[in-house]
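The structure under discussion appears below in the form of structure tokens.
The values are calculated or read from the model by the stated rules, or taken from the named source; none is laboratory data. Nothing here was measured: the structure is a model prediction, and the numbers come from that model. Here the Cβ positions follow ideal geometry from the backbone for every residue, glycine too, while neighbour counts run over all protein chains shown. SASA here: full protein model, heavy atoms, side chains in, ligands and nucleic acids out. Shrake-Rupley method; radii C 1.70, N 1.55, O 1.52, S 1.80 Å.
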Amino acid sequence: MGAAQSSTDEFVREPLGVQERITADGSSPWPVEPHRYRLIGARACPWANRVIIVRRLLGLEPVLSLGIAGPLHDDRSWRFHLDPGGVDPVLGVEWLREAYERAIPGYDKGVTVPAIVEISTGKVVTNAYQDLEFDLATQWSAHHRPGAPDLFPAEHRDEIAEISDLLFHDVNNGVYKCGFAKAQGAYQKAYDALFARLDQLSERLAGRRYLVGDTITEADVRFWVTLVRFDAAYHGHFKCNRSTLTDMPVLWAYARDLFQTPGFGDTIDFEQIKQHYYGVHSEINPTGIVPKGPDPSGWLTPHGREELGGRPFGDGTPPGPPPIAERVPPIGE
């Protein structure tokens with residue numbers, strides 16, 4: 001996301017500033033319409049990564065373009081410093097804040113990714129990250145690729161919502177509660193909650209391939225974006241150091257299984273992840289030194305999770321390769 005604040009000693013995530021919805025049924029001012037909007041994400045950000053993965057799995061690339069903010073930003077917000085000329089090639093802006101201010105003059109809340117921007121006006125339509133994946137899966141269904149998976153199966157939606165809520169508080173946001181705690185007690189409380197939840201989820205996944213049902217659902221997407229950043233950022237930078245992901249055999253195998261699944265690992269750039277966390281959070285890492293490790297090659301090793309059964313895409317099919325402009329450097333290059 002990119003914006004946060006602390007209240008007393010505990011980390012509290014800032015409220016969102018543009019919580020609109022894009023719908024197909026006329027229930028919002030913003031209709032689903034191909035080529036009208038641009039999704040802005042960042043390789044570094046787990047919240048944006050979730051939406052990028054869902055867009056890939058559903059095959060929405062031809063109708064919803066993707067802009068990628070670079071890993072570095074300052075008080076002015078995420079910026080497009082990796083694009084030619086330092087501006088997004090479609091929106092023509094250097095800083096994402098410009099799109100927020102076009103939507104709300106004098107905008108004074110968090111400038112976060114993911115955000116969806118109306119291309120013609122350059123205005124942010126929504127940064128409601130908690131709703132974007134569900135809306136892409138349900139409201140944009142007329143534009144899904146043939147064979148797109150059902151990430152929110154109707155029979156499992158209550159269970160997905162329950163697990164997703166636990167993931168948000170203890171894991172997705174839990175690592176930030178550790179990293180940005182302002183007192184020892186707040187840090188230890190978040191640390192204990194994080195690893196208690198990871199242990200519980202490890203037990204759950206010991207005998208099943210995916211969190212809910214026998215296919216990939218949005219719950220897996222939510223969990224995975226934290227796991228894939230764990231050793232590269234959260235273990236050291238955020239002091240989540242009881243154990244590395246590689247020291248938790250079930251979760252490490254589960255994470256590798258998804259990494260090697262089309263639509264997941266092909267969205268990850270470990271260097272940008274490290275550049276962001278270690279380079280931007282100056283209050284935690286004032287030197288700005290980015291660690292050289294860990295070696296990412298282990299992500300490509302066999303995971304053995306096929307023995308648990310499950311059908312990654314259910315009755316659907318895996319997505320094809322990402323568009324050339326969206327490809328990330330393969331591990332080892």
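Does LEU245 satisfy the criteria of being within 27 Å of ASP295 (Cα to Cα), in contact with an Asp or Glu (Cβ under 6 Å, 6 or more places away or on another chain) and open to solvent by less than 10 Å² (accessible area, probe 1.4 Å)? So LEU245 passes the test. The set of residues in segment 115-149 being β-branched (Val, Ile, Thr) and open to solvent by 20 Å² or more (accessible area, probe 1.4 Å) consists of ILE119, THR121, THR138.
Going through (1) at pLDDT 95 or above; (2) under 26 Å from LEU132 (Cβ atoms); (3) buried (at least 16 other Cβ atoms within 10 Å of the Cβ) one by one, HIS281 falls short only on (1).
Against the definition (at pLDDT below 95, open to solvent by less than 60 Å² (accessible area, probe 1.4 Å) and among the aliphatic types (A, V, I, L, M)), how does ALA232 come out, yes or no? Answer is no for this residue.
Suppose the filter is open to solvent by less than 30 Å² (accessible area, probe 1.4 Å), in a loop (DSSP other than H, G, I, E, B) and farther than 24 Å from GLY70 by Cβ; does GLY316 pass it? Quick ask: steps written out before the conclusion?
Working: open to solvent by less than 30 Å² (accessible area, probe 1.4 Å): yes; in a loop (DSSP other than H, G, I, E, B): yes; farther than 24 Å from GLY70 by Cβ: yes.
Yes: the conditions hold for GLY316.
Pairing each residue of segment 303-320 that is under 10 Å from LEU57 (Cα atoms) with any residue that is polar (S, T, N, Q) and surrounded by 14 or more Cβ atoms within 10 Å (Cβ to Cβ), provided the two are 6+ apart or on different chains, yields C-beta distances under 7 Å for PHE313/THR215.
Residues that are small (Gly, Ala, Ser) number at least 2 in the following helices (runs of 4 or more DSSP H) confined to segment 130-245: 157-167, 174-179, 184-205. Of the residues in segment 63-85, at least one is part of a helix (DSSP H, G or I) and either modelled with pLDDT of 95 or more or under 15 Å from the mean Cα position of the chain (by Cα) (or both).
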